[in-house]
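Enquirer: Take a look at the following structure, please.
The values are calculated or read from the model by the stated rules, or taken from the named source; none is laboratory data. Nothing here was measured: the structure is a model prediction, and the numbers come from that model. Note: ideal-geometry Cβ built from the backbone for every residue, glycine included; neighbour counts use all protein chains shown. Each accessible area value is taken on the protein alone, full model and side chains, heavy atoms only, with ligands, DNA and RNA left out. Shrake-Rupley method; radii C 1.70, N 1.55, O 1.52, S 1.80 Å.
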Amino acid sequence: MAPASKVYAHEEDIEELEESSVQFQALERRVLELLREAGEKGVLQRELWKKLDVDSRKGLKILRKLESQGLIAKEQVVYKGRKTYVLKLAKEAEEVQIPGFLEEIPCFFCPFLHKCASGERDIYSCAILQEWLNKDD
Ligand code: SF4
């Protein structure tokens, strides 16, 4: 009997998969909602982890992505004697109002949208899109 072959995935591939997951995208949207609700006073980074129920590793990944898209702003502060950040919605993000029915479509929040639009990725084999299309509600 032939030994079972092992498949090794690169760490970047796993991270890319995680960042394109429906759960990750839902968390990104939740961050933006929370920051929008907080307004000018913003949210302490550590409070954000609690509200999202995620660890700092995952939380930082989400923030890095939103920051690179110019959607959030970070301000360093000292809180209870320790350096941390207050997070706010970037001015540009405050102005973007996506109609409710479009917020449901995963492609609008997907980091691979440009690849699908250019044909580099095949939308027909996208599990995220299929899952959304097959949803009952
Ligand atoms: S079809 Fe493309 S843009 Fe839409 S969710 Fe899938 S990978 Fe993202």
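Enquirer: So, in region 33-86, how many residues would count as being part of a loop (DSSP other than H, G, I, E, B) and under 17 Å from the mean Cα position of the chain (by Cα)?
Expert: Matching residues across region 33-86 total 6.
Enquirer: May I ask you to list the residues in region 51-79 that are modelled with pLDDT of 90 or more and surrounded by fewer than 11 Cβ atoms within 10 Å (Cβ to Cβ)?
Expert: Glu75, Gln76, Val78
Enquirer: Something else now. Can you find even one residue in region 101-109 that is of a type outside the set (Val, Ile, Thr), more than 17 Å from the chain's Cα centre (by Cα) and open to solvent by 40 Å² or more (accessible area, probe 1.4 Å)?
Expert: Within region 101-109 (the criterion being of a type outside the set (Val, Ile, Thr), more than 17 Å from the chain's Cα centre (by Cα) and open to solvent by 40 Å² or more (accessible area, probe 1.4 Å)), the answer is yes, since at least one residue qualifies.
Enquirer: Applying the selection to region 77-136, what residues are in contact with a strand residue (DSSP E or B) (Cβ under 8 Å, 6 or more places away or on another chain) and either over 25 Å from Glu33 (Cβ atoms) or aliphatic (A, V, I, L, M) (or both)?
Expert: Residues satisfying the conditions are Val77, Val78, Lys83, Val86, Leu87, Leu89, Ala90, Ala93.
Enquirer: Another question, if that's okay. List, please: which pairs have Cβ atoms under 6 Å, are six or more places apart or on different chains, and start with a residue in region 118-133 that is over 10 Å from Pro106 (Cβ atoms) and end with one that is in a loop (DSSP other than H, G, I, E, B) and within 9 Å of the ligand (Cβ to nearest atom)?
Expert: Note: pairs meeting the criteria are Arg121/Phe112.
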